[in-house]
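Here the structure is laid out as structure tokens; the discussion comes afterwards.
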Amino acid sequence: MTDFLPTGIQLSYLTASALFIIGLKQLGSPATARKGNLLAAIGMLIAIVATLLDQAVLNYEMVLLGIAIGSAIGALMAQQVEMTAMPQMVGLLNGFGGAASALVAVGEFWKVIHGLTAIPADETITIILSVLIGGITFTGSLLAFVKLQGLISGSPITFPFQQPFNITLLAGFLAGSAYLIFNPKETTVFLALVAVSLVLGVLFVLPIGGADTPVVISLLNSFSGLAASAAGFVLMNNMLIISGALVGASGIILTQIMCKAMNRSITNVLFSAFGSGKKVEGNTATGTEDKALRSIDAEEGAMMLGYAKSVVIVPGYGMAVAQAQHAVRELADQLERLGVDVKYAIHPVAGRMPGHMNVLLAEANVPYPQLYDMDDINPEFDRTDVALVIGANDVVNPAARSDAGSPIYGMPILEVDRAQHTIVIKRGMSNGFAGVENELFYKDKTMMLFGSAKDMVTQLVSSVKEL
């Protein structure tokens, strides 16, 4: 039995890893996401049980107490956190993951300096990497959480010589790391490296704000995986190495997807302080200031929707904030009752994270086949009678296609202006994150329906029912 136990643990880790990979693959589609999440959860359960059977576990009471407390907090968060706050929760959990990896490295350092006359250089390097990545992930994620939660300004925060200061701090970390490799029992130097890693996390996120914050959260998610993988090398635990690598790879892929959807590079997101409060006019001399808006009421909007043959609904963050997804589903049901063909157009970065709109609409039981990605739905707009935009802004701005001076020029958009008519539900005329006016609002075929997304959609439902 004693000889079988290590082999059984490794086989359990292999099974858990396979479930992680299969689950991650199925998370790539809303149709299979729930099953994929369940498979990954089963894999994690197997990994935890296998780890608890390891003879290296010294105190089962403390471990089980931690599992109980963590499970209770996780269940409460899952029940209480609204979908609009999901990026904040992801950021917070990223931070906890980074902190856990850094604490593992600190604990291992403390253990080895008291148990060995000499620490191998490769082990010291692994510990340092775990501290660096884990520390940056922890404080960076906490700052991103605070920004998205509105506890401080969400705008980029910069100061003179910020980048040179960051580079100097990083150089100091590297110098301290080199010293520690040759003098591994210098506790003061090690603690200084921990402190520097925490400061670097804050400085990393400070100049990032607005709609870029979800991008950096995705990047920090990748960092948390790398930190876990580094902790796996510190502990010589294959499960941590594999799962951390999966999280790291998926996080960086997601970050690249988000950057591509905004037509920006990751370096531009991290270092440009985009949306820092400066009014960006771009090349807006297209006469929009001389054009009048066309405003309608809910009854007129219902007439247009009810007598259309095809309607494409474009959800945005305004729908999420108003929690209007159930009203939107009801509106679609009423239109389908009248024989209208209803589809939903989903932009990759609509909302605050990729898949945000998909999850919200799935919560309202919108049939998955009615959801269309940007590339699939754009050719349909020429044949669409009415495009209904609910709380979206920059992702439908034609300036991204036509105005070379616009900060969003080149960004792929949902081409709702090609529809026969466009109805835009919006609270007011505030600009989007990019700080430019939306040319769509002034188009001859565009009609504005001002008000809260939930209120306006509810009024549309009531009016459509009377048709």
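What follows draws every value from the coordinates through simple rules; no lab data is involved. Quick caveat, the model's predicted, so the values are computed rather than measured. With ideal geometry, Cβ positions are generated from the backbone for all residues, glycine too; neighbour counts draw on all protein chains shown.
Of [x] 48, 23, 21; [y] 36, 24, 20; [z] 48, 27, 16, which one was derived for semi-axes √(5λ) of the Cα gyration tensor in Å from the structure shown? Looking at semi-axes √(5λ) of the Cα gyration tensor in Å for this model, the match is [z]. In order along the stretch 326-335, the Karplus-derived 3J(HN,Hα) couplings, from 6.51 cos²θ - 1.76 cosθ + 1.60 at θ = phi - 60°, round to 5, 5, 5, 4, 5, 4, 4, 4, 5, 5 Hz, and Gly and Pro are given as x. For the chain, the longest principal axis of the C-alpha atoms and the axis of helix 187-205 are separated by about 10°. Backbone phi angles across the stretch 372-384, fed through the Karplus curve with coefficients 6.51, -1.76 and 1.60 (θ = phi - 60°), yield HN-Hα couplings of 10, 5, 4, 5, 7, 8, 4, x, 7, 5, 4, 9, 9 Hz in residue order; Gly and Pro are listed as x.
Positive contributions from Lys and Arg (+1) and negative ones from Asp and Glu (-1), summed over other residues with Cβ under 15 Å from the Cβ of residue 40, come out at +3. A dipole drawn for the stretch 92-278 from +1 and -1 charges on Cβ atoms has a positive end, and of 253, 184, 230 the residue lying farthest that way is 253.
Put simply, the amide H of residue 157, placed in the peptide plane, has neighbours under 5 Å in 208, leaving out anything fewer than 5 places away on its chain. Mind pulling the angle between the C-alpha long axis of helix 60-80 and the longest principal axis of the chain? Nearest 10 degrees, somewhere in 0 to 90. Long axis of 60-80 versus the principal axis of the chain: about 10 degrees.
Charge tally around residue 360: other residues with Cβ under 13 Å, Lys/Arg +1 each, Asp/Glu -1 each, net +1.
Here the sum of -39500 (n - 2.57) over DSSP H runs of 4 or more residues, divided by the residues of the chain, equals -19500 deg cm²/dmol at 222 nm, to the nearest 500. Once backbone amide H atoms are built at 1.01 Å from N, residue 447 has 422, 423, 424 as its partners under 5 Å, excluding neighbours fewer than 5 places away on the same chain. Computed on the Cα trace of the stretch 92-278, the radius of gyration divided by the Kirkwood hydrodynamic radius gives Rg/Rh = 1.00. In the stretch 316-467, if the dipole is taken from +1 on Lys/Arg beta carbons and -1 on Asp/Glu beta carbons about the Cα centre, which of 324, 416, 390 is farthest to the positive end? Positive-most Cα among the choices belongs to 324.
Protection proxy ranking, highest mean first, for peptides 77-86, 132-141: 132-141, 77-86, where packing is the per-residue count of other beta-carbon atoms within 10 Å, averaged. When only alpha carbons of the stretch 1-80 are considered, Rg and Dmax amount to 15.1, 46 Å. Taking a threshold of 18 Å on the Cα-Cα distance, which of the pairs 111/185; 309/343; 260/426 fall above it? From 111/185; 309/343; 260/426, over 18 Å: 260/426. The angle between the Cα long axis of helix 4-26 and the longest principal axis of the Cα atoms of the chain comes to about 20 degrees, rounded to the nearest 10. In the stretch 326-467, the ratio of gyration radius to Kirkwood radius, Rg to Rh, stands at 0.94 when only Cα atoms are counted. With the charge dipole of the stretch 288-465 set up from +1 on Lys and Arg Cβ and -1 on Asp and Glu Cβ about the Cα centre, the Cα lying farthest toward the positive end among the listed residues 338, 462, 351 is that of 462. Here the Karplus curve 6.51 cos²θ - 1.76 cosθ + 1.60, taken at θ = phi - 60°, turns the phi angles of the stretch 134-146 into couplings of x, x, 4, 4, 5, 6, x, 5, 5, 5, 4, 4, 4 Hz, with x standing for Gly and Pro. Backbone amide hydrogens, once placed in the peptide plane, bring residue 341 within less than 5 Å of 310, 311, excluding anything fewer than 5 places away on its chain.
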